[in-house]
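The values are calculated or read from the model by the stated rules, or taken from the named source; none is laboratory data. Everything quoted here is computed from the prediction, not taken from an experiment. Reconstructed Cβ throughout: ideal geometry from the backbone, glycine too, with neighbour counts over all protein chains shown.
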Amino acid sequence: MTGDSRTYKDVWVFAEQRGGRLMRVTFELLGKGGELAKSRGSRLCAVLLGKDIGGLSQELFAYGADAVYLADNTLLAQYTTDAYTSVISDLILAYKPEIVLYGATHIGRDLAARVAARIDTGLTADCTGLEIDTDTGLLMQTRPAFGGNLMATIVCRNHRPQMSTVRPGVMDKPARNDRKTGAVIMAEVCLTPDKLRTRVVETVKSDTPPVGLGEAKVIVSGGRGLDGSQGFELLNRLAGKLGGVVGASRAAVDSGWIGKGHQVGQTGTTVRPLVYMACGISGAIQHIVGMQCAGTIIAINKDPEAPIFKVADYGIVGDLYQVIPALIDSCDSAETLLKTRK
Amino acid sequence: MRIIVCVKQVPDTNEVKIDPETGTMIRAGVPSILNPDDKNALEQALLLKDEAGAHVTVLTMGPPQAAETLKECLAMGADDAVLLSDRAFAGSDTWATSNALAAAVRKLGGFDLILTGRQAIDGDTAQVGPQLAERLDIAQITYAQSLEIDADTVRCQRLLEDGYEIVETKTPALITAIKELNRPRYMSIRGIYDAFGENANIKVWGVADLGIDASQVGLKASPTSVNRSFSPPPKPKGKKMLDGTVDEMAGALAAELKRLHVI
C-alpha cells in the first residue's frame, strides 16, 4: 500500500506455530521486534493464527509482545497459503502496522511473499540484520545475496508496511518474563472452505529426530576433507564427548555422507553455538555465513591456505584422522583429571 | 496440457571468488547458468510431457543474453520460449518482476500449470513464485519434492523443516520445485542443434508487447530498493594457529575446551 506512511504504526511479528507449539524463530522475532518498536516509540504486537491456540498468547507476552491479534478458527488449524494470506492481509489493511516480520521458514516464506503481493508492498527476504535509520525512521533490512558473497541493505521507502522475513537462528531469543501481560485482540475471520484452494492431506514428520543444530552449544562439523561417511562416525564420537551435535558442509551432504538435516550454511541452518569445530571444511562463503556467529571457532584442515582459518579462533593444520582421535584421548584424560581433582 | 516454466539466468555463485586483498566479490568471469531449482522445474514439465503429452513454454525476464539460457531449455526439450527484455524492466524487485511475468502469462493464453524453482541462487528470495501466483489468482504449492497429476488434481509433497506435508490442489496452479523433485536431464544433441540454430523458437517481448503500463515494472515501480551493498565484514576476532606434534596440538585444544567449560 502507498499513502501517508505516518498513519502506519506498531511492529508486528507473525507468531508461527505448528501443532500448537510456537516456533523458536517467533521468540527471536519478538526480541528484535521489541528493539525496533522501542526505536519507533510504538508497540510490539504478535499475530497468532490457528485453532485452539489462544493459550499461546501468554507465552508471546512473556517474550515481549504488548498485544496479540488472535485468529482462532477451524480453517486455520493447519497452515494453508490461502487462509493465512487472507486473514493476515485483512488484519494489516484494518490495523495498518508500520513493520511486519515473519520467520524465513518454509511457511513464513510461502506466506509473506503472497501477502506482500496482495497488499502491494515490499518484502525483503531472509534478513540477517534489521535496524531503524535514525534520520529517516526507515527499516534498514540487511541480507546476504549472491550466495553470501555480498551483503545488501534494502529499504522500502514509500509502501507500508515494511515487511521482512528473518533467518531463523540469527536474532537473539529474549529473556522470558512470565509476569508481563498484554491485550488480546480477537480478529474477525471471514473464511469459507471454498476459498481454500489447497488441502493438506497429511503431515509426515521425518523419521530421524531433528538434529538440534539451532539449539546446540557445541557443533562438530565435517566437510569434504572427511573423504567419506566413515568420517562422521569419528565426529560423532567427538561430539558425544563434548555434549554436542554433528554438523556438515554442503559438500558433505551433497556427497551423500550425511543427511541434509545436518547442513550448516546459507542453504542449511544458521547456527551460533558456543563452540564450532570445522573439520575438513575448506570454508566456502556459503558455509561461513551460517556459522561465523559461533562463540569460538576451531578449524582443523590439511590445507594451511583454507579460508576457514580466516574466521577461526584456533586453527590446526593437520590430518583430522590423526588430530581428532588424539583430541578424544586428551578429552578423556582431561575428564579423568577433573574427576580425580574432585 | 499446457505448462509454463519460469526460469532465470543467474551467475554461478559457487564460482564467485573473493579478492583476498580487498575482501570484495569478483564479478568478472563468473559464468551464467540456468538457475538450479528452475532446472528441476523444467525437468518436471518435461517428465509430464513425456508421460501424457504437454506443451511446455519457458518464460524468463532478463537482458538479451538470457536467450542463451532459453536455448538450453529448448535443447532439453521445451517447445518454445519467451524472453521479456526491455530496459524498462531493469531494477525490478520481486513485486515488479511478478507483474511483468503475470502479464506475459496472460498474453500466452491459458495454462494448466506454472512450474518454477523455489528460489534463484543470486537473490535467494523465493518470492517471485508466490507473487506470480497471487497476480494470477491461482493456488500455489512451494518447496515441492514430488508432484503427481491425476486429471485436474495436483498432489505434491511439500518439504518442511521437520518432514513434509502432502498437499492437493486443482489446476490451474503454480508449483515451486526444489532439487529433491527430480534429476534434470541433459540437453539432447538434436535439441542443441535446433535450439542453437538460426530458427530457435524464442520470442522477445518488451513492455509494449505486454500491454502493461511502464509504471508497473522496473526500478521506479519497485517497493524495495537496495540502499547499499557491501562485503560481509570480516570476523573481528584474532586467530591462533596451534603448532607442535599432533598430541601437543590436541592437548592444547583440549585445554581450551576445558577453559570454555565444554569438557
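Here are a few things to note about the model shown:
- Top-ranked residue in segment A:38-50 [being within 14 Å of A:Pro97 (Cα to Cα) and free of Cβ contacts under 8 Å to residues at least 40 places away in the same chain; ranked as farthest from the chain's Cα centre (by Cα)]: A:Gly41
- Single residue of B:Ile114, B:Ile149, B:Ile141 found to be assigned to a strand (DSSP E or B) and within 12 Å of chain A (Cβ to nearest Cβ): B:Ile141
- Within segment B:68-87, being surrounded by fewer than 20 Cβ atoms within 10 Å (Cβ to Cβ) and of a type in the set (A, V, I, L, M) holds for no residue.
- Extreme residue, nearest to A:Leu242 (Cα to Cα), among residues of segment B:209-236 that are in contact with a helix residue (DSSP H, G or I) (Cβ under 8 Å, 6 or more places away or on another chain) and facing chain A (nearest Cβ under 8 Å): B:Lys235
- Residue list for segment B:89-117, filter: among the basic types (Lys, Arg) and in contact (Cβ under 8 Å) with a residue 60 or more places away in the chain: B:Lys107
- Positions within segment A:71-98 being in contact with a Ser or Thr (Cβ under 8 Å, 6 or more places away or on another chain) and either within 16 Å of A:Arg43 (Cα to Cα) or in a loop (DSSP other than H, G, I, E, B) (or both), in sequence order: A:Gln78, A:Thr80, A:Lys96, A:Glu98
- Checklist (1) among the hydrophobic types (A, V, I, L, M, F, W, C); (2) modelled with pLDDT of 95 or more; (3) more than 17 Å from the chain's Cα centre (by Cα); (4) closer than 17 Å to A:Phe146 by Cβ applied to B:Leu47, failing item: (4)
- Out of A:Arg157, A:Arg224, A:Arg237, A:Arg143, one residue alone is farther than 27 Å from A:Gly280 by Cβ and surrounded by fewer than 21 Cβ atoms within 10 Å (Cβ to Cβ). It is A:Arg157.
- So A:His287, is it over 26 Å from B:Ser231 (Cα atoms), outside the structural domain of A:Gly129 (by TED's automatic domain parsing) and touching a helix residue (DSSP H, G or I) at 6+ places or on another chain (Cβ under 9 Å): no
- Of all the criteria given as (1) of a type outside the set (A, V, I, L, M); (2) touching a Ser or Thr at 6+ places or on another chain (Cβ under 9 Å); (3) more than 7 Å from chain B (Cβ to nearest Cβ), the one not satisfied by A:Asp110 is (3).
- When each of A:Ala239, A:Ala299 is tested for being of a type outside the set (Lys, Arg), more than 22 Å from the chain's Cα centre (by Cα) and assigned to a strand (DSSP E or B), the lone residue that passes is A:Ala299.
- All strands (runs of 3 or more DSSP E) inside segment A:175-228 with 2 or more residues being modelled with pLDDT under 95 and under 30 Å from B:Pro172 (Cα atoms): A:198-205
- In segment A:149-168, residue nearest to A:Ala37 (Cα to Cα) [restricted to those that are within 22 Å of the chain's Cα centre (by Cα) and not in a strand (DSSP E or B)]: A:Pro161
- Odd one out for B:Ser215, checked against (1) buried (at least 19 other Cβ atoms within 10 Å of the Cβ); (2) at pLDDT below 90; (3) within 30 Å of A:Met1 (Cα to Cα): (1)
- In the set (1) in contact (Cβ under 8 Å) with a residue 60 or more places away in the chain; (2) not in a loop (DSSP other than H, G, I, E, B), B:Ser215 fails one condition alone, (1).
- Segment A:247-275, residues that are part of a strand (DSSP E or B) and either within 13 Å of chain B (Cβ to nearest Cβ) or surrounded by fewer than 23 Cβ atoms within 10 Å (Cβ to Cβ) (or both): A:Gln263, A:Thr269, A:Val275
- Checking each residue of segment A:73-89 against the condition of being charged (D, E, K, R), more than 18 Å from the chain's Cα centre (by Cα) and away from chain B (no Cβ under 13 Å) gives no match.
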